[in-house]
1. Starting from residues that are open to solvent by less than 40 Å² (accessible area, probe 1.4 Å) and outside any strand (DSSP E or B), keep the ones in region 142-156 and report whichever is farthest from K289 (Cα to Cα).
2. Kindly provide the set of residues from region 232-259 that are modelled with pLDDT of 90 or more, over 14 Å from Q275 (Cβ atoms) and not polar (S, T, N, Q), ordered by number.
3. Considering only region 111-133, I want to know if a residue exists there that is open to solvent by less than 20 Å² (accessible area, probe 1.4 Å), in a loop (DSSP other than H, G, I, E, B) and at pLDDT 90 or above.
4. Within region 157-203, how many residues turn out to be in a loop (DSSP other than H, G, I, E, B), under 25 Å from G215 (Cα atoms) and open to solvent by 30 Å² or more (accessible area, probe 1.4 Å)?
5. Would you pick out the residues in region 103-155 that are among the acidic types (D, E), closer than 17 Å to G239 by Cα and either without any contact (Cβ under 8 Å) to a residue 40 or more places away in the chain or touching a strand residue (DSSP E or B) at 6+ places or on another chain (Cβ under 9 Å) (or both)?
6. Would you mind finding the one in V14, V36 that is at pLDDT 85 or above and either more than 52 Å from the chain's Cα centre (by Cα) or under 21 Å from L311 (Cα atoms) (or both)?
Amino acid sequence: MIILTYPLALLLLVVPFVLYWTLPAVKGMHGDALKVPFLADLKRITITSGSIWQQSSSLPREPKKIFWGVYAIWVLLVLAAARPQMLGEPIRLKNESRDIMLVLDISTSMLEPDFSYAGRRVTRLDAVRKVVSDFADKRANDRLGLILFGTRAYLQAPLTFDKAGVKDILWSMQAGMAGDSTSIGDALALALKNLRENKEDKVIILLTDGENNDGSLSLAQATKLAQDENIKIYTIGVGSPNTFFQMFSLAAVGVDEQELKQLAAITEGRYFRAQSTQDLQEVYNLIDKLEPSVSDERYVRETTELYFIPLLSALVVALILAFVQRRG
């Protein structure tokens, strides 16, 4: 389908006629033309080389023919100014809904095998891999980002629709690869930095099994930054307290629930405690319901500009008219 972006430009088609009928005739450079009363007699005079009118073929063409040639150029220029476009078939766009940054603790304490899955005992990190991967599959219309932290925080995946890429990183990450301590404040600051330039619907999901014991930014400072940026943060504390494994573990559970609750409350999020794989699954299912994807459909159409066609046509007509006048 072809449309005109500026259809009102077609009103310019009548401008030449308005000017022709309203403006007075332009006189010659030397005044009115000289009237020759015996011009009619000259037409009947013949000479050996032919008639005078045959020799006067270099005189200008009739004004009306010139007018219509110039007007054709004007019509083409007006059409170009109206900016014709060809519209393609409508294409459905998925609503982006929300930008969600996943911030995951991968300190060595995440190797505690106090979770279970499919009837066998697994580490906290294995449970997180499975549950977060399932969560990513559900957020089809969202962009997900991934930050892994321990002693330092690293952006592993910027906000993207590529859920498969995010899941590949989840399954390839190893506990301790970012250090043994826990820098929650630095991880949140990195997440806020990557969400700052994006749209309004922004969410951070922070998962940790420890307390903020390293890094350059305190949890209180990170909370203030999140509040200023109006970014909602859901916090999840993982780990089973008082288990047989903890009695002989050097990485005892140290979730600072008070600070995580305060962080979630100030940013209008929620705090959750997950002591099993089932708890963790329920937490992410609940967050999925709390942050629903908007289902409004949007459509776009591919447009192809066509203004150059009448523009080039006007140039061709002008060249032809100039050539004919020069030869006339």
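1. T151
2. K232, I233, Y234
3. no
4. Restricting attention to region 157-203, the residues satisfying the condition of being in a loop (DSSP other than H, G, I, E, B) are 161-162, 173-183, 196-201.
Remaining after also requiring under 25 Å from G215 (Cα atoms): 173-183, 196-197.
Still in the running and open to solvent by 30 Å² or more (accessible area, probe 1.4 Å): 174, 177, 180, 196-197.
Qualifying residue count, region 157-203: 5.
5. D105, D114, D126 - these are the residues of region 103-155 that are among the acidic types (D, E), closer than 17 Å to G239 by Cα and either without any contact (Cβ under 8 Å) to a residue 40 or more places away in the chain or touching a strand residue (DSSP E or B) at 6+ places or on another chain (Cβ under 9 Å) (or both).
6. V14
The values are calculated or read from the model by the stated rules, or taken from the named source; none is laboratory data. Because the structure is a prediction, the values reported are computed rather than measured. For neighbour counting, all protein chains shown are included, and Cβ atoms are generated from backbone atoms with ideal geometry for every residue, glycine included. These accessible areas exclude ligands, DNA and RNA; they are computed on the full protein's heavy atoms, side chains included. Shrake-Rupley method; radii C 1.70, N 1.55, O 1.52, S 1.80 Å.
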